Amino acid sequence: MKTILQKTSLLILSVIMICSILPVRVDASYEIPGICRVQTDIGSTFTVKTLDYGYDNNTYLSLRDMAMVLNNTDKSFSLGITSNTVSLNIGNNYAPVGEENEPWEDAENPNISLRRNEFKVNDEEVNYYTLIMKLPSGYYDCFMMAADLAMILDVDITVSDADLLQINTQDSFRVSPTDLEQDGYFYGVNSVLVGDATTGEVYYQYQSDMPYPIASTTKLMTCLLTMDAISEGQISLGDWVAVSDEVQALSASSDGVIPLTAGEQITVQDLLLGALLPSSNECALCLAESIAGSEEAFVEMMNQKALELGLSQAVFFNSHGLPSYTEEPVPSKRQNRMSAEDMFRLVSYLLKVYPRITDITSLESATLECLDLEVRNTNPLLKNLPEVTGLKTGTTNKAGACLVTSLTVDDGKLEHDLVVIVLGTEDSIERGRVSGLLARYALDAFYTGIEESEIGEPSQSSGNLPIHAEAAVDLILQTAKKH
């Protein structure tokens, strides 16, 4: 039995709601300059410049100011910042360049944008959205969310009653989803679920029993049926599949990802890689046609599989997750939907029956040999946490930005697959941030326990793993890594 995780007052909730401590504001609608007071457990208090991006209280802190705050502590870090790159090295002292911990010189709003700038921590690339601006001195500064910095440094940041941002350098980063929920953090999210797919234990869930559109996370079901077909000997990775007119039309549309031409031949292996890594809709459709003869027949298989797995809220209309229109004079716009609980069951089953699928979904990039095309994984968390092994992103206007994340952990006796499901965030920035926070919570819950948990029913298991499918994963990996 895991030990009970001790609560930390306000935890990262205070960091996310750091808005309340910013005393300086100017009227603006985009990057709003401000300052806040920051104190470490050593006792010194500093002024830190801030930018609120887009809205009040959507606050980003100056990394140069924060580097000075943490200089000569256990969480010190050095910085190298250019117009679009950041290099942060933990454990080194920061060499000031001037203007650190000084208020803004004027109230003019800086004309900069929030981007996923190139960011390295101890020479390893990570994915965070930041604001970079040029200072009057000619040096560049980077502004970052307090929660993101806290995760990078693995440090506890809270807000005291005196409206002071407090950094506790001796305490590790912690997050409490229950506190976040009470403060309304998940109001902009359709549903979330965090659990252990190996045991079926659910650590935290929010609106997890309600069905929502799932966009391209649909492709996890398409992947499952493809692996089933391989396992049963119906198809093999080396089989060549002819691209249909329908696949070409989808490829040429605004939702196309990989250029495919009718009559062109592509292997099942490359189709699977294309569907899972860059989230190619046309590759998913091509797989569906090759397995069932038509997408309509494949959709019947998807819905039948959902019934077999007990996915009570799942309904599929296509193999890829894009909006599907009826043929009526006034067409209805339908989207594949599922609850977070259903997604947890699906993913738990997929990981138990085909555990090595994460060897594919953890690839940052791969080469589709028959097209001589390099594709990249759309998962934003692969570079931020070493435990992350997949699984799938998804985005449509109705579904919002979705992400199903898997993490592999070890209790000393057995490897476990933790799963974080986030459906319906506002955009890809929030998708990555919410998923990142909950992934860190999942690791804490697994290693140190949780105070309150809802134990879900164990996911279905297949018994013996299909040998042909496991061999197929090996072959995919060997081929994908050649380049």
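Report ARG116's accessible area, 1.4 Å probe, all protein chains in place, as a number in Å² to the nearest 10.
Roll a 1.4 Å probe over it and ARG116 shows about 120 Å².
Let me cross-check LYS75: its accessible surface, 1.4 Å probe, with only protein heavy atoms counted, in Å² to the nearest 10?
Surface accessible to solvent at LYS75 totals approximately 40 Å².
Ranked from the most accessible area to the least, with a 1.4 Å probe and all protein chains present, what is the order of TRP240, TRP104? Before the final figure, lay out each step's value.
Working: TRP240 150, TRP104 60 Å².
These residues rank, largest area first, as TRP240, TRP104.
With all protein chains present and a 1.4 Å probe, how do ASP372, ASP410, ASP179 order by accessible area, largest first?
Accessible-area ranking of ASP372, ASP410, ASP179, largest first: ASP372, ASP410, ASP179.
Can you give me the accessible area per residue for segment 309-418, using a 1.4 Å probe, in Å²? Can you show the working numbers first?
Working: 4450 Å² over 110 residues.
With the other protein chains kept in place, segment 309-418 gives 40 Å² per residue.
Using Cα pairs closer than 8 Å and at least 6 residues apart in sequence, work out the relative contact order for the chain, in percent.
On the way: 1054 pairs, mean separation 78.6, N = 483.
Dividing the mean separation by the residue count of the chain yields 16 percent.
Taking the Cα centre as origin and putting +1 on Lys and Arg beta-carbons and -1 on Asp and Glu beta-carbons, what dipole magnitude results for segment 252-326, to the nearest 20 debye? Let's see the in-between values first.
Working: 1 positive and 9 negative charges, 37 e Å.
The dipole magnitude comes to about 180 debye.
For labels at GLN304 and ASP171 in the simple 7 Å Cα→Cβ model, what's the distance in nm?
Placing both labels 7 Å beyond Cα along the Cβ direction yields 5.5 nm.
Semi-axes of the equivalent ellipsoid of segment 247-301: what are they in whole Å, largest first, if each equals the square root of 5 times a C-alpha gyration tensor eigenvalue?
Numbers: eigenvalues 54, 30, 26 Å².
Those come to 16, 12, 11 Å.
List the pairs from LYS120/LYS392; LYS333/LYS398; LYS352/LYS383; LYS219/LYS383; LYS383/LYS413 whose alpha-carbon separation is above 18 Å, in the order I gave them.
Details: LYS120/LYS392 24 Å; LYS333/LYS398 10 Å; LYS352/LYS383 24 Å; LYS219/LYS383 22 Å; LYS383/LYS413 26 Å.
Too far apart for the 18 Å limit: LYS120/LYS392; LYS352/LYS383; LYS219/LYS383; LYS383/LYS413.
Tabulate in residue order the Karplus-calculated ³J(HN,Hα) for segment 279-285, using 6.51 cos²θ - 1.76 cosθ + 1.60 with θ = phi - 60°, rounded to whole Hz; enter x for Gly and Pro.
Karplus values, whole Hz, x for Gly and Pro: 6, 6, 5, 5, 5, 5, 5.
Pull up all non-local amide H partners of TYR60: gap of 5 or more, or a different chain, and H-to-H distance under 5 Å with H placed in the peptide plane.
Under 5 Å from the amide H of TYR60: LEU51, ASP52, TYR53.
Relative to the present Cα-Cα distance, how much length would full extension add between GLU124 and ASP255 at 0.36 nm per residue of separation? Before the final figure, lay out the partial values.
Working: separation 131, 0.36 × 131 = 47.16 nm, distance 3.20 nm.
Length gained between GLU124 and ASP255: 44.0 nm.
Residue separation times 0.36 nm, minus the C-alpha to C-alpha distance between ALA95 and ASN72: what's the value?
Values: separation 23, 0.36 × 23 = 8.28 nm, distance 1.12 nm.
Net length gain for the segment: 7.2 nm.
Report the net charge of residues surrounding THR405, where surrounding means a beta-carbon distance below 12 angstrom and charges are Lys +1, Arg +1, Asp -1, Glu -1. Can you show the working numbers first?
Values: positive: LYS392, ARG431, ARG440; negative: GLU387, ASP417.
Local net charge: +1.
Could you state how much accessible area TYR204 has, in square angstrom rounded to the nearest 10, with a 1.4 Å probe and all protein chains kept in place?
Spelled out: TYR204, probe radius 1.4 Å, area about 20 Å².
Could you work out how far helix 428-448 tilts from the main Cα principal axis of the chain, as a 0 to 90 degree angle to the nearest 10?
Once rounded, one gets 90 degrees.
Could you work out [θ]222 nm for the chain from helices alone, using -39500 (n - 2.57) per DSSP H run of at least four and dividing by all its residues? Round to the nearest 500 deg cm²/dmol.
Details: 13 runs with 138 residues, N = 483.
When only DSSP H runs of four or more count, the value is -8500 deg cm²/dmol.
Can you tally the net charge around PRO136? Count Lys and Arg as +1, Asp and Glu as -1, for every other residue whose Cβ sits under 10 Å from the Cβ of PRO136.
Working: positive: LYS134; negative: GLU99, GLU105, ASP106.
It works out to a net charge of -2.
Post the alpha-carbon centroid distance, segment 124-149 to segment 345-386, in whole angstrom.
The two parts, judged by their Cα centres, are 29 Å apart.
Return one number: the angle in degrees, 0 to 90 and rounded to the nearest 10, between the long axis of the Cα atoms of helix 219-231 and the longest principal axis of the Cα atoms of the chain.
Tilt relative to the chain: about 40 degrees.
Once phi is turned into ³J(HN,Hα) by the Karplus curve 6.51 cos²θ - 1.76 cosθ + 1.60 with θ = phi - 60°, what whole-Hz value does each residue of segment 262-272 show in order, with x for glycine and proline?
Computed from phi, the couplings for segment 262-272 are 3, x, 5, 9, 9, 7, 4, 4, 5, 5, 5 Hz.
What is segment 216-293's relative contact order, in percent, from Cα pairs under 8 angstrom and six or more apart in sequence? Please list the in-between numbers first.
Working: 108 pairs, mean separation 26.9, N = 78.
Relative contact order for segment 216-293 comes out at 34 percent.
Order the following by accessible area, largest value first: GLU295, GLU364, GLU374. Probe radius 1.4 Å; ligands, DNA and RNA are ignored. Write down the numbers at each step before the final one.
Details: GLU295 40, GLU364 85, GLU374 115 Å².
Ranked list, largest accessible area first: GLU374, GLU364, GLU295.
Over the chain, with every protein chain in place, what whole percent of the accessible area is carbon and sulfur at 1.4 Å, could you tell me?
On the way: 9280 of 20080 Å².
The C+S portion of the solvent-accessible surface of the chain is 46 percent.
Looking only at segment 231-251, which residues have a backbone nitrogen under 15 Å from a spot 7 Å from the Cα of CYS370 in the C-beta direction?
So the set is 235-245, 247-248.
Can you give the angle from 0 to 90° between the axis of helix 295-308 and the longest principal axis of the chain, with both taken from C-alpha atoms, to the nearest 10?
The answer is roughly 70 degrees.
So for the pair ASP163, THR178, with labels modelled 7 Å out along Cα→Cβ, what separation do we get in nm?
3.0 nm
The values are calculated or read from the model by the stated rules, or taken from the named source; none is laboratory data. Every value quoted in this text rests on a predicted model; they were computed, and no experiment measured them. Every residue, glycine among them, receives a Cβ derived from its backbone with ideal geometry; neighbour counts consider all protein chains shown. These accessible areas exclude ligands, DNA and RNA; they are computed on the full protein's heavy atoms, side chains included. Shrake-Rupley method; radii C 1.70, N 1.55, O 1.52, S 1.80 Å.
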